[in-house]
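Student: Here's a structure for you.
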């Protein structure tokens with residue numbers, strides 16, 4: 001009897017020790033998982049249809065005016081079902097004051113469902129956890145504000161490190177970092193900055209050891225913590241737990257710049273980046289920002305790929321915990337600066353950024369439409385395109401300011417079985433010599449957005465299969481910019497790189513209908529105009545990068561939809 005009485009007491013210390021061991025493993029698991037994720041250049045992708053569930057993390061799906069003068073931000077959640085069966089989706093909204101709310105929806109096969117967040121949770125800062133009953137679900141967002149419209153991805157992963165190379169803390173700008181902690185334990189986060197004026201990291205005591213409570217999202221105004229700077233990059237590091245992060249950039253129009261841009265922050269570093277970009281002209285300004293958050297100096301080469309023109313290359317070094325901005329400019333009589341890349345106006349272009357000494361970094365770009373060179377001059381903005389009766393030729397202020405090369409769609413019945421096979425996922429097909437493939441013809445430049453802002457995260461890894469999602473809008477120009485990495489020169493005795501020469505990209509619908517077949521030339525960049533509908537799957541037998549652009553002639557300006565791998 002004594003043995004039976006003392007046996008439970010002897011088991012208590014053993015149970016406590018086991019619990020401590022399990023707790024230690026739990027504490028280590030997020031860091032180990034985050035470290036594993038950070039080794040992979042890109043992680044945002046659609047779970048395979050065979051997966052049992054899909055989980056997506058949206059740091060912000062609703063945000064009121066975080067600062068006076070910038071307006072309230074509303075959001076639509078876009079649920080894209082890439083499978084042939086209906087998917088049951090649960091959306092858990094998490095606000096600081098309203099608590100947790102649940103919205104359920106059934107998304108039809110091969111379609112996109114929309115959830116208007118304002119109908120359910122009018123909180124100050126709202127995050128969302130989206131879970132589906134199967135794989136094959138992609139989750140993106142559409143933000144609307146008085147200063148513009150933009151699309152942004154949600155994240156299919158959580159990580160301990162996130163990077164935001166785009167930011168501005170001038171008087172007319174608002175830069176916001178939003179952090180989501182969807183786990184049941186508090187996360188402790190450090191936010192550090194790098195600017196064009198300081199050497200090394202800029203540490204703010206108020207943003208060191210910040211607690212992000214469990215099941216919540218928090219937003220931080222960069223202008224409240226960083227000095228007045230034109231270029232601000234941020235590194236978000238979680239000491240404990242795993243998080244997801246968003247980036248917002250807004251210009252209020254008070255001194256000329258006007259626009260709104262939102263995007264998921266970059267979750268990892270890489271040594272190679274591609275940036276699909278619009279063309280440039282006198283009113284369209286493009287800059288590339290390279291952020292090195294490591295402890296080593298990064299040696300980098302940046303190259304501009306332009307259709308039908310010679311490329312420009314610039315080599316430079318970025319100090320540890322520093323950020324560098326390069327402006328893309330057309331050739332002129334004056335000598336280019338050391339921080340300039342040259343590209344002709346009026347043609348599509350792509351930018352590649354490659355490391356030379358095994359030090360990874362992160363790349364974003366910013367496209368600003370309007371009079372950035374004269375910020376005290378108001379930008380002419382039409383309140384409604386339907387109200388514009390003045391012809392562009394009669395009024396110079398209404399001249400198109402974003403110039404791209406557009407191409408018409410190709411009807412499905414003119415494409416080949418090889419193109420359809422690519423969309424069906426049956427494997428790479430050599431259709432380069434297939435007479436049944438009708439390739440889109442290049443047309444003269446078109447498009448006319450007169451104001452706007454777009455933040456463009458670089459693509460760290462090329463893929464053969466992409467999904468791009470953005471709601472269709474009447475009267476809005478929508479187009480895809482497709483970029484391939486520049487071919488590597490062959491060494492002695494080596495065959496030329498397989499990326500040389502034209503390569504074929506197939507654009508299709510969710511129903512796997514081919515709507516266009518586009519040849520990407522040896523220059524590595526081409527732009528294709530979408531005639532209707534903007535949910536597209538884009539595939540090829542070689543890796544590439546792609547970005548979807550939408551241009552509006554009114555105050556909503558310019559927006560981008562970043563691709564999701566699948």
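The values are calculated or read from the model by the stated rules, or taken from the named source; none is laboratory data. Small disclaimer: the values here were computed from a predicted structure and weren't measured. Cβ placement follows ideal geometry from the backbone for every residue including glycine, while neighbour counts extend to all protein chains displayed.
Student: For residue 227, are the conditions met, namely being surrounded by fewer than 23 Cβ atoms within 10 Å (Cβ to Cβ), touching a strand residue (DSSP E or B) at 6+ places or on another chain (Cβ under 8 Å) and outside any loop (DSSP other than H, G, I, E, B)? Walk me through it before giving the result.
Tutor: On the way: surrounded by fewer than 23 Cβ atoms within 10 Å (Cβ to Cβ): yes; touching a strand residue (DSSP E or B) at 6+ places or on another chain (Cβ under 8 Å): yes; outside any loop (DSSP other than H, G, I, E, B): no.
The answer is no for residue 227.
Student: Output the residues belonging to segment 284-308 that are in contact with a strand residue (DSSP E or B) (Cβ under 6 Å, 6 or more places away or on another chain) and either without any contact (Cβ under 8 Å) to a residue 12 or more places away in the chain or assigned to a loop (DSSP other than H, G, I, E, B) (or both).
Tutor: Matches in segment 284-308: 293, 297, 307.
Student: Also, quick follow-up: Which pairs have Cβ atoms under 9 Å, sit 6 or more apart or on different chains, and link a residue in segment 207-231 that is within 21 Å of residue 94 (Cβ to Cβ) to one that is in a helix (DSSP H, G or I)?
Tutor: Every condition considered, the pairs that remain are 220/207.
Student: Take segment 29-48 and flag every residue that is assigned to a loop (DSSP other than H, G, I, E, B), modelled with pLDDT of 90 or more and touching a strand residue (DSSP E or B) at 6+ places or on another chain (Cβ under 9 Å). Can you show your working first?
Tutor: Filtering segment 29-48 down to residues assigned to a loop (DSSP other than H, G, I, E, B) leaves 39-44, 46-48.
Then keep just the ones that are modelled with pLDDT of 90 or more; that gives 46-48.
Answer for segment 29-48, where residues must be assigned to a loop (DSSP other than H, G, I, E, B), modelled with pLDDT of 90 or more and touching a strand residue (DSSP E or B) at 6+ places or on another chain (Cβ under 9 Å): 46, 47.
Student: Which residues, taken from segment 194-214, are exposed (fewer than 15 other Cβ atoms within 10 Å of the Cβ), at pLDDT 95 or above and assigned to a strand (DSSP E or B)?
Tutor: 211
Student: Pull up segment 501-513, narrow it to residues that are modelled with pLDDT of 85 or more, assigned to a strand (DSSP E or B) and surrounded by fewer than 24 Cβ atoms within 10 Å (Cβ to Cβ), then point me to the one that is farthest from the chain's Cα centre (by Cα). It would help to see each step written out before you state the result.
Tutor: Start the filter on segment 501-513 by keeping residues that are modelled with pLDDT of 85 or more, which leaves 504-513.
After this cut, where a residue has to be assigned to a strand (DSSP E or B) as well, the list is 504-508.
Okay, now just the ones that are also surrounded by fewer than 24 Cβ atoms within 10 Å (Cβ to Cβ), so 504, 508.
Details: 504: 24, 508: 21 Å.
Per the criteria, the residue is 504.
Student: Just give me the residues in segment 514-547 being modelled with pLDDT under 85 and in a strand (DSSP E or B), in sequence order.
Tutor: Kept after step one, since they are modelled with pLDDT under 85, are these residues of segment 514-547: 521-523, 529-534.
Those that are modelled with pLDDT under 85 and in a strand (DSSP E or B): 529, 530.
Student: Can you tell me which residues in segment 309-349 are in contact (Cβ under 8 Å) with a residue 60 or more places away in the chain, buried (at least 20 other Cβ atoms within 10 Å of the Cβ) and not in a loop (DSSP other than H, G, I, E, B)?
Tutor: Of everything in segment 309-349, those that are in contact (Cβ under 8 Å) with a residue 60 or more places away in the chain, buried (at least 20 other Cβ atoms within 10 Å of the Cβ) and not in a loop (DSSP other than H, G, I, E, B) turn out to be 322, 323, 324, 349.
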